[in-house]
Amino acid sequence: MTKTNAMRLLENAGISFDTMEYEVDESDLSGVHIADVLGTDPDTVFKTLVCRDDKNSYFVFCIPVAYELDLKKCAVQAGVKRIEMIHVKELLPLTGYIRGGCSPVGMKKKFPTFIDETAILYDKIYVSAGQRGLQFVINPEDLAEFVGARFVDLVK
């Protein structure tokens, strides 16, 4: 298994995690599909989404894969008027990650990060480990502490 930068960062911080590898299906990059392949509840698998406000400030949101980001709630939580998803072509230059492999850990810059409050219902959640086909299995509170995230209501 390739060791990602995100994995090295967590190891160096002494944060406990496991990893799960899965076969990437280019025709279905949905998180629900990934949950099925991993044999886990989709509510425990979180996708990482990056948004910008009208002043070009960026924000990171982690939500369960079967849900949709509520941009109004996100704007309120981020303390801004308006927020929108960034275009997929902006993801790699901004974060260092590609679609389907975007991790809240180890982005090029540290952005304000929010994790959907449902994460605290679980001892472990799954988030991308920084490349397609690789997921962290991590305690949500350890993850939030490491990335400086708050648990808030983010979904529709």
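Here, each number is a calculation from the coordinates, and none is a lab measurement. None of the values given here were measured: they were computed from a predicted structure.
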Report, ordered by chain and residue number, the lysines lying within cross-link reach of LYS3, taken as a straight Cα distance under 26 Å and ignoring same-chain residues fewer than 8 apart. LYS47, LYS89, LYS108, LYS109, LYS110, LYS124
Where both partners of a DSSP beta bridge lie in region 67-156, what percent of those bridges are antiparallel, to the nearest 5? 65 percent
May I ask what percent, to the nearest 5, of DSSP beta bridges between residues of the chain are antiparallel? 75 percent
For region 38-50, in residue order, the Karplus 3J(HN,Hα) values (coefficients 6.51, -1.76, 1.60; θ = phi - 60°; whole Hz; Gly and Pro = x) are 7, x, 10, 5, x, 5, 9, 9, 10, 9, 10, 10, 10
Once you sort the root eigenvalues of the Cα gyration tensor of region 1-46 as a ≥ b ≥ c, which label holds: rounded (a/c under 1.5), prolate (a/b larger than b/c) or oblate (the other case)? prolate
Return the calculated 222 nm mean residue ellipticity for the chain, to the nearest 500 deg cm²/dmol, obtained by summing -39500 (n - 2.57) across DSSP H runs with n ≥ 4 and dividing by the residue count. -7000 deg cm²/dmol
What list of ³J(HN,Hα) values in whole Hz, one per residue of region 90-107 in order, does the Karplus curve 6.51 cos²θ - 1.76 cosθ + 1.60 (θ = phi - 60°) give from phi, with Gly and Pro shown as x? 7, 4, 4, x, 7, 10, x, 10, 9, 4, x, x, 7, 10, x, 9, x, 5
